[in-house]
Amino acid sequence: MAYDNAEQLEEFRLETRKWLEANCPPSMRTPMVDDEVVWGGRNATFKNPDSKVWLDRMAEKGWTAPEWPKEYGGGGLTRAEARVLEQELRRIKARAPLFSFKGKTRWCQGYSEPGAGSDLAGLQTRCEDKGDHYLINGQKVWTSYADKADWIFCLVRTDTSTKHEGISFILFDMKSPGVEARPIQLISGESPFCETFFTDVKVPKDQLVGRLNGGWEIAKRLLQFERSSISSSGFGGTGSLSPEEYAKQLIGTDESGRLLDGDLRGRLADHRMYAKAFALTVQRQTEQAKAGQAVGHTASILKYGAAKMNQDRHELLIEALGTEGLGWAGEGFDKGALRVTRQWLRSKGNSIEGGTSEINLNVIAKRVLGLKEHQ
Ligand SMILES: Cc1cc2nc3c(=O)[nH]c(=O)nc-3n(C[C@H](O)[C@H](O)[C@H](O)COP(=O)(O)OP(=O)(O)OC[C@H]3O[C@@H](n4cnc5c(N)ncnc54)[C@H](O)[C@@H]3O)c2cc1C
């Protein structure tokens, strides 16, 4: 049943609250610990057994993807209902039951290649029709969690005589013979990305999505959704420290409870206003999308804004930390501070992933503002 008016939504809120009270285990109402994050997939591990209980219960309700249609494993909620669910989850400080792409099968995204990032349509991974199967040879790079993924959705070249119209979208199992994922270590000390190699990988023909050579349209649309979902999560990560609270804790407050450093206080206030305005913009865009307007190029505006916001937030946190922010590992440093330092380094990638800020600014200039290219 869809709850459309305020009274029905209130009814939905009460039912949701009751269900969450009964079904969200107490330990799932505590801050997320990095190694307890649940990513899903056939190799999913559950360090805390309650994580599995919480995931199973939420998945059964379809609430790991609340707005997806029920027939695809979602909850079939309207936007307004999904917002109520979000608010009720926040109210009890519930952890997200599941992260990233999704559920029983964990996916990775095979788009970028060593010679094709911003100019993605220049990709060269070759896919040949061998009669009863496709044969794939080539290399991807920056494939997030390829070493942990069950399946990949991949862009491949099926026609070399043309650029955009020679690309297809295909799915295959990462256990297929000829697939190799090599993790790359990053500035943050983690290895979430891989170089991914394909050598004579055989793929059944019914795993092509859409029509042969029609992959670019799917890829573009998917990127728009990626940009807009990155923006609505605000690069949330696994824990969300409020910069204001953190700064107060570290720097101290005056007699009226205000942060002692006036300059930092001003910049934190600016950041807070930006974040508030940004959240309202995301909400407006989501409403428009739900009312049938395409996600379109506004996704580039939001992606650009979200990257800037998250990077500014981490700069402020690092500044508040002072010398504590220089820590990397070891007993001498506070665990929270070590985490902030690594997340600050991780946030550098926000203006690259899902399309760089420069490319998003180009899209905004051309497609939103209608500016002509400089000759
Ligand atoms: C955290 C993270 C996760 C990622 N996950 C994945 C993933 O799962 N799967 C995947 O396929 N890829 C992934 N990527 C790769 C990402 O999509 C690419 O890094 C990105 O598209 C940029 O491509 P590139 O690195 O080749 O840089 P390039 O395209 O070589 O760009 C280098 C620099 O030149 C600038 N530039 C390039 N062209 C222009 C232009 N026309 N105008 C102005 N400036 C320009 C860029 O803005 C950038 O600063 C991930 C990247 C990050 C950081």
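Using a Gaussian network model of the chain whose springs link C-alpha atoms within less than 10 Å, name the residue from 280, 85, 317 with the highest mean-square fluctuation.
280
Which of 8, 73, 41 sits farthest toward the positive end of the charge dipole of segment 6-91, with +1 on the Cβ of Lys and Arg and -1 on the Cβ of Asp and Glu?
41
Among the lysines, which have Cα under 20 Å from the Cα of residue 18 when same-chain residues fewer than 8 positions away are ignored?
In chain and number order, the partners are 61, 93.
Work through the residues other than residue 189 whose Cβ is under 14 Å from its Cβ and net out their charges, Lys, Arg +1 and Asp, Glu -1. Could the numbers behind the result be given before it?
Values: positive: 339, 342, 346, 348; negative: 34, 190.
With Lys, Arg at +1 and Asp, Glu at -1, the net is +2.
HN-Hα J couplings of segment 180-191 from phi, Karplus 6.51/-1.76/1.60, θ = phi - 60°, integer Hz, Gly and Pro as x?
For segment 180-191, the Karplus curve yields 9, 10, 10, x, 10, 7, 10, 4, 7, x, 9, 10 Hz.
State, in angstrom, two size descriptors of segment 107-213 derived from its alpha carbons: Rg to one decimal place and Dmax to the nearest whole number.
13.3, 45
Mind checking which aspartates and glutamates have their C-alpha under 13 Å from residue 52, skipping anything on the same chain fewer than 8 residues away?
Within the straight-line limit of under 13 Å, residue 52 reaches these aspartates and glutamates: 36, 60.
Using a Gaussian network model of the chain with C-alpha springs under 10 Å, which one of 100, 231, 357 is most mobile by mean-square fluctuation?
Among 100, 231, 357, the largest GNM mean-square fluctuation belongs to 100.
Mind grabbing the base-10 log of I(q)/I(0) for segment 6-91 at q = 0.24 Å⁻¹? Debye formula, identical points on the C-alpha positions, no solvent, two decimal places.
-1.29
For the charge dipole of the chain, defined by +1 on Lys and Arg C-beta atoms and -1 on Asp and Glu C-beta atoms about the Cα centroid, which residue among 370, 125, 305 has the Cα displaced farthest towards the positive pole?
370
Taking each full run of DSSP H in the chain as one helix, which ones are at least 20 Å long along their axis (Cα atoms) and have mean Kyte-Doolittle hydropathy of at least -0.5?
215-233, 298-321
If you average over every viewing direction, what projected area does the convex hull of the Cα atoms of segment 218-368 give, in nm²?
It is 10.7 nm².
Which three extents, in angstrom, do the Cα atoms of the chain have along their principal axes, listed largest first?
On the principal axes, the chain reaches 76, 52, 49 Å in Cα extent.
Name the residue, out of 147, 200, 261, whose mean-square fluctuation peaks in a Gaussian network model built on the chain with Cα pairs under 10 Å.
Highest fluctuation of the listed residues: 261.
Of all DSSP beta bridges in the chain, what percent run antiparallel (nearest 5)?
Around 85 percent antiparallel, to the nearest 5.
Quick note: the coordinates plus some simple rules give every number you see, no bench work behind them. All figures in this text were calculated on a predicted structure; none of them were measured in a lab. Backbone-built Cβ (ideal geometry, glycine too); neighbour counts: all protein chains shown.
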